[in-house]
Amino acid sequence: MTNSIREIRDADFLFVIGSNTTEAHPVIAMEMKRAVRDGATLVVADPRRIWLTEIAEKHLQLNPGTDVWLLNAMAHVIVTEGLVDKAFIETHTEGYEAVAETVKRYSPEEAERVTGIPAEDIRWAARKYATTKKAGIYYTLGITEHSHGTDNVYALANLVLMTGHLGGESMGLNPLRGQNNVQGANDAGATPIYYPGYQRVDDEKVRAKYEALWGVELSPEPGWNLNEMMKKAGDEIRGFFVMGEDIILSEPNVLALEERMNRVEFLVLQEIFPNETMRFADVVLPASGFAEKEGVFVNSERRMQRVRKAIDPPKGARADWQILLDLAAASGASWHHRTPADIFDEFAQHAPNFAGISHARLDAQGEDEDGYTGLQWPCPDPDHPGTRYLHEGRVLRGKGLLTAVEYRPSDELPDEEYGLLLSTGRTLYHYNAATQTRRDPGLDTKQPGAFVQLHPRDAKKRSIRDGDPVTITTRRGSIDAIAHVSRQVKPGCIWMALHFAEARANVLTNDKGDAVTGTAEYKVCAAEVTKASDYTGELHEFRGSHYQAGHAEDAPS
Amino acid sequence: MIQRTDQLPTIELDGRQITFHPGESLLEVASRSGVQIPTLCHDPRLDPAGACRSCLVEVEGQRRLLPSCATPAVDGQKVTASPEHSPRIERHRKSLFSLYLTEHPGEDHPDGVERGAPNKLVRAAKAFGAEDWGKLENLRDDLLGDRSHDENPYIQFDSDLCILCAKCTRYCDEVESVSAITLAGRGSETTIATPDGRSLLDTTCEMCGGCVAVCPTGAMGEKKPKTHKMPVEAELEKVRTTCNYCGVGCQFDLNVDPAAREGGGEIVKVTSPTPAPPPPTPQPRGRTGGSTARTRCGKGRFGYDFLHHEDRLKTPLVRGADGELHPATWDEALAAAAAGLRGVQERHGKDALAFVSSSRCTVEENFLVQKLSRAVFGTNNVHQCAAT
Amino acid sequence: MNDGTKSRSEERTRKRGEVPDQLELAGGMVPGSAAIVAAATGDSEAHAYGVASFYSLLARPEKKLRVCTGLSCRLRGADEVLSAAREAGLDAEGYSCLAACDAAPAVLKGRETLPEVTPEDMARTGGDWQQLVSSSPRMQTVEGAPNWFGDVGSYDGPLVFDLPAGESEDTSALAAAAELGTPGVLDAIEASGLQGRGGAGFPAHIKWRAVAGMPAAPHFVVLNADESEPGTFKDREVMMRRPDLVVIGLAIAARAVGATEIYLYLRGEFTIPRRRIEATLARLSAAGHLDGLDFHIHEGQGAYICGEETALLEALEGKRGMPRLKPPFPVEHGLWGKPTLIHNVETIAAVPFIVLNGGAAFRDLGRGEPGTKLYSISGHVGRPGVYETPLGVSLDELVELAGGYTGTLKAFSPGGASSGFLPASERTRPMDYKHLADVGSMLGSSGVVVLDDTVDLRWSALEQLRFFEDESCGQCAPCRIGTRYLRDAVDRDIAGTRLSNGEAPLTHVDDAAWQMVEGSICGLGQIAALPLTSARQHFPADFPSDTPPKDSASPSEPEATK
């Protein structure tokens, strides 16, 4: 996030796209609700009706995968109506001309045809965004989990840069991180192209620094990203170390992956619960939960905060950092680290953006006036107070780069054989592979099993009624779930949550990855739904939710 | 924009001159000046309700006592807020809390509520010398229809303890915008209820537990069996930490029963940090007061049982010649892991290994995985599920 | 959201105002109704449920017959009528004052108030509530709809309301106001000295000028026709006999303060007066007199507290009728947070006279304070009804107009239940705002209830306390618990039992009453103890046990009940 969570409530315009914030980031959603209560205008772009669309001034219900059309058309309006921030563009950006040229071809009328959003709504949203000073954009996996996810992000960044909505409070471009420490894992260098602190592995000086620090020779070649690793499993890649992820549940097109995993020669799994990946593991190392160890998580707004040990791990299990030190030692390395604080110091002191942060400083840091703790990086020295929002006064890379992007259709769209468009996502009550939440009796009662949302029209066509067991099929596999007939989805679209091991949505999803990030197209693939012939799972009801408590559009018609 | 202190307006509070920042309420000015005003229905995240009447103060020129939570400070105002300075305030607090106690069991409450739950009313009643005026019978229904029939596993309402400050319903409306619960009925039969008295599970409730967190008397309480069996709150260790679910990074206190699990400790509930006392200098205010830094969602507040789940992996496992995983010692397992990875490296080259780290683990652990990958096994094939 | 149109959030907010009406359509508080109403209005189901449970008419939809238990109705046999109803197998309940004290005992049938219902009327229903008809000679049918009028009268002098004259075709006040323009109308209101006739007596012109000068838009005018103060029925009779004055007064007020939208909040039991108002609105509107103005009629759903202006605004917004904190006042932060002029029916109905005759003409009609006043009078007098006299007549003068005392005067309430009780010695005191405040009472709604020497004031106080307990909104503790605590104490005092801690029942009532006065948010709680405190003050003989407990107070004392 370029800006901070606390600034959301003071925004005057919020553009939420590809984020079901109330379910995936409930506490950030509270700030958004607060802003709306205080008079801010909320615009939500999402193929589904979600909680936030209820309080939004406008819901731009776009066809899945047509984000570039919507965003370029908004840019079209801003450019053609002269709503750009000329001074900002001249001083702080480059590449504007090319973008202005490209978006000329993306008229709102044409966009209406592709996205399904009325041209007038696109115009209204573009004008309102461009002409409101405190206007923030908030997005998450609905933008990135596409084969053209990077294009989506560029298109959003273009809007931010051409309107100058950067470098001030309550604006900017704000990806909401899905997991507790997505930011921290990237910050720490668990990426194929960066050492800690986004220092490139192919930068000679950086490599020399770490070679000197660690006393070994380091590879100058960037590594494979996760999507590529999964595709090369069993071929180029023959050995895996996996910590804290159930790749067999979480990765797309898993049936193909399972077949490849059988050809992997060796896999080490470090985990707290048995999971699907364990079937392929040669060594399993029992690890620890967050309350059983010391460390630091970094949240969406670059805030480093302490995680503290409250209880012992179960007898026999060890803290993950301890296991990693033990494994390094068993592999012949002699590392000097003794405590998480030591480890953190090595991580932070050699990455300029983090150099001012240490466990000791985080522990000494009290709450600020809003109750927040920790430090937001960049924080280059021990006296630096941290950074609430980025790009103040000047864009960090010198010039903000506008990148012209063209619409590319999603990799796999509905056709005669698979007539529906499947998107996947998350729900409020579960968390990713749900190894934790499904072991909680309460969260599990509220949402006990897998379901697929489909529009009444599509349900009727297939003689499916609400609560029927159904089979969902794609070119990659099929699973069973309970039908939830709902107007939350558009006609022609279906939606599933990915949390349920007995109905793995990722059997269905497309593993085509984005060219830059490798992030797979979880949000769009072609699917078909039929009544299940031999359903063996449990039937369950849908407990109360915002969408069942008397909202007109969902009332039986 | 911070104004210089000597340019700020002032009020006279219990005879002292106090500067304030325009927009501050009398309650805010008082509490940062060390003048204690009792509150039951106040929360900085909520619009002031002025309903509990605990915080009334005398303002010169005003015939009526005014709720300090909802009354903005005005330059030159003379305010009396302490019983020592005002017999009227003294009589007000004493009689108000006496009246409250006629409908409240005070400390004589049977089991059924979590032990050691806070009760601000009982504390205030003691502090201001409330008397026994006799007890009235409780006419109110318990929420969620019938307490015993609501199968929701987390939240219970006990109308005996409820003082109708409506913090729970206001939090549900104003902070969560969920509106699962409401004030229902009228007059002395007013209670907290779900629509048609249904189980919370069958309402829009998202199980955030905010109602429990804001309740001043424990009427909204936790239902988890562990929470009920736990020692009184004073014997619990509170460990401040960061939530392990989404990317917001909420802070909360794990409440640990240190003696449980043979001394290994057990988490019995999660509570929100108590706000630090406000600094004594005037505070500039944003457009809206009270951040959500201390709010929680249901996963954060209640979703910790997995840590104590019987399915946890406790023993290292190594796959044997029979193709099955077998228990092993740590030394055996680590040696097997190192040898296996080295073997692949030797057979297929450094870049035949891939390290999948975890955005669920700490910064330190991610740092170690990439260091292991790069410095020990010589490959940049390291990534994590951030892309997922 | 182009200029002039409402944003989605504003639309949603307005839509929420329909919640009470929609709940009525959905059958009140029955399982599933909240969900239906939430779907229809976009409000949350829990809110709809909370609203349904707040209002008497919604919360108990199965009750089709409600017998008024106000003091005047009980003095005239309401208890017997209720018993007769139950004997006839009818699902009837006792109910708060129906504003028909002059036609006691009154019964609410569905949403329609019937005058002077007898036990025989109940017996004749044969157990079918729909068969209930009042045999009162007041009942008539006008154009097929039931209709009835109370008795009215006036002093011998110039009249502002002239209720006996009935509805007039005269609309000259509208033209006069147009000629005066906003400044002229405001000046006339100021010169008249008109005070709010709802009870507080606040100078009207201050409110008018405040709303007219508020920069926020839009402005609203709201008519408070939620007449519910026990002993008061003057607004009912104004709407029945002079709906023209009400509608014209509202139109003048709206134009003067820059409002185009006018909300009329009528108590839901005023079905018959509502028809009169609607007919007048239709007539004047058709003649083009109301151009540019939008009148909305909102029916209350049974809550005395909604007579409190901010509770009324909450009810109009479709919420539970719980009073707001003041300040801010409605002139600044009223309906939907916008500047709002809110007046009682009588206040508004005085406006045409003032505009036509000038402020001074109105002012000069009063004795000490300005204008004439409509007094409702009921209880032990010959001809209960609504009487127009100069503001500040004495009880004796008023009763003379109302047919004289029917017994020996013992006590009276000058301004509804909220004014407490005064002894016969105050019978010559001018009944205006100042002189009544001087003796700890108030003019209030000028609903005068006369009690003769057969009445026990402890019993009377208990009845009034019961009313306030039933009608407390429950928001703040001093009122919610205090009303109940006092009623419980008097119940125990009458029953001869003690508090749970063994003390005499009235030991703490003074402290509790003090707390209610000091601590309550709104007027209801602030005055709810007055019936008891004034009765104890003026009629100690009716509280025989109200002395410090004797030695006999011991735990072995029997839990005696009647």
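List of remarks:
- Dipole moment magnitude, nearest 20 debye, region C:13-59 about Cα centre, only Lys, Arg, Asp, Glu C-beta charged: 100
- Every helix of 4 or more DSSP H residues in chain C counts as -39500 (n - 2.57), and over all residues that averages to -11500 deg cm²/dmol at 222 nm.
- Spherically averaged projected area of the convex hull of Cα atoms, region B:349-388: 2.6 nm².
- Checking Cβ-Cβ separations below 4.7 Å across chain C identifies C:Cys97, C:Cys101, C:Cys306, C:Cys473, C:Cys476, C:Cys479, C:Cys522 as cysteines lacking any candidate disulfide partner.
- Solvent-accessible area of B:Cys250 with every protein chain in place, 1.4 Å probe, in Å² to the nearest 10: 20
- Region C:372-450: relative contact order as a whole-number percent, Cα under 8 Å and 6+ apart: 35
- Among C:Pro352, C:Cys101, A:Ala317 - extreme Cα towards positive end, dipole of the protein assembly as shown, charges at beta-carbon: A:Ala317
- Bridge orientation summary for the protein assembly as shown: considering DSSP beta bridges with both residues in this region, about 50 percent are antiparallel.
- Shape call, region C:65-148: gyration tensor on alpha carbons, a/c limit 1.5: oblate
- For the protein assembly as shown: accessible area per residue (Å², 1.4 Å): 34
- Shape class of chain A from the Cα gyration tensor (axes a ≥ b ≥ c, square roots of the eigenvalues): oblate, since a/c reaches 1.5 or more and a/b does not exceed b/c.
- Take the accessible area of chain A alone and of chain B alone, subtract that of the pair, and you get about 11900 Å² summed over both chains, using a 1.4 Å probe.
- The share of Cα pairs per 5 Å bin across region A:5-176, counted from zero up to the longest distance, runs 2, 9, 19, 23, 23, 15, 7, 2 percent.
- Taking the 1.4 Å solvent-accessible surface of chain C as the whole, the part contributed by carbon and sulfur is 51%.
- Förster radius 25 Å - calculated FRET efficiency between C:Val142 and C:Ser168, Cβ distance, rounded to 0.05: 0.90
- A DSSP coil position with no more than 15 other Cβ atoms inside 10 Å describes the following trypsin sites (Lys or Arg not before Pro) in region B:41-91: B:Arg63, B:Arg64.
- Exercise: per-residue mean of other protein chain Cβ atoms within 10 Å, C:28-39: 4
- Among the residues of A:277-286, the average count of other protein chain beta-carbon atoms within 10 Å of the residue beta-carbon is 6.
- Exercise: per-residue mean of other protein chain Cβ atoms within 10 Å, B:47-55: 4
- Protection proxy ranking of C:7-16, B:264-273 - average other beta-carbon atoms within 10 Å, highest first: B:264-273, C:7-16
- Computed from point charges on the beta carbon alone (+1 for Lys and Arg, -1 for Asp and Glu), the dipole magnitude for the protein assembly as shown about its Cα centre is near 1340 Debye.
- Extension gain, A:Lys205 to A:Ser478, is 93.3 nm, computed as 0.36 nm per intervening residue step minus the present C-alpha separation.
- Mean Cα-pair separation over length for chain C, i.e. relative contact order, pairs under 8 Å, 6 or more apart, %: 13
- Unit charges at the beta carbon, dipole of the protein assembly as shown: most positive-side option, A:Asn181, B:Ala73, C:Thr13: A:Asn181
- C:Ala210/A:Asp368 FRET efficiency (R0 45 Å; Cβ-Cβ; nearest 0.05): 0.65
- Length-normalised contact order of chain A in % [C-alpha pairs under 8 Å, at least 6 apart]: 16
- Seen from all directions on average, the protein assembly as shown presents a Cα convex hull projection of 59.5 nm².
- The heavy atoms of A:Lys531 present about 100 square angstrom of accessible area, all protein chains included, probe 1.4 Å.
- Chain B and chain C together bury an accessible surface of about 3900 square angstrom, both sides counted, with a 1.4 Å probe and no ligands or nucleic acids included.
- Sites listed here are GluC sites (Glu not before Pro) in region B:305-388 whose DSSP assignment is loop and whose Cβ has at most 10 other Cβ atoms within 10 Å: B:Glu310, B:Glu324.
The values are calculated or read from the model by the stated rules, or taken from the named source; none is laboratory data. This structure is a prediction, so every number in the text was calculated from the model and none was measured. Using ideal geometry, Cβ is built from the backbone for each residue, glycine included, and neighbour counts are taken over all protein chains shown. SASA here: full protein model, heavy atoms, side chains in, ligands and nucleic acids out. Shrake-Rupley method; radii C 1.70, N 1.55, O 1.52, S 1.80 Å.
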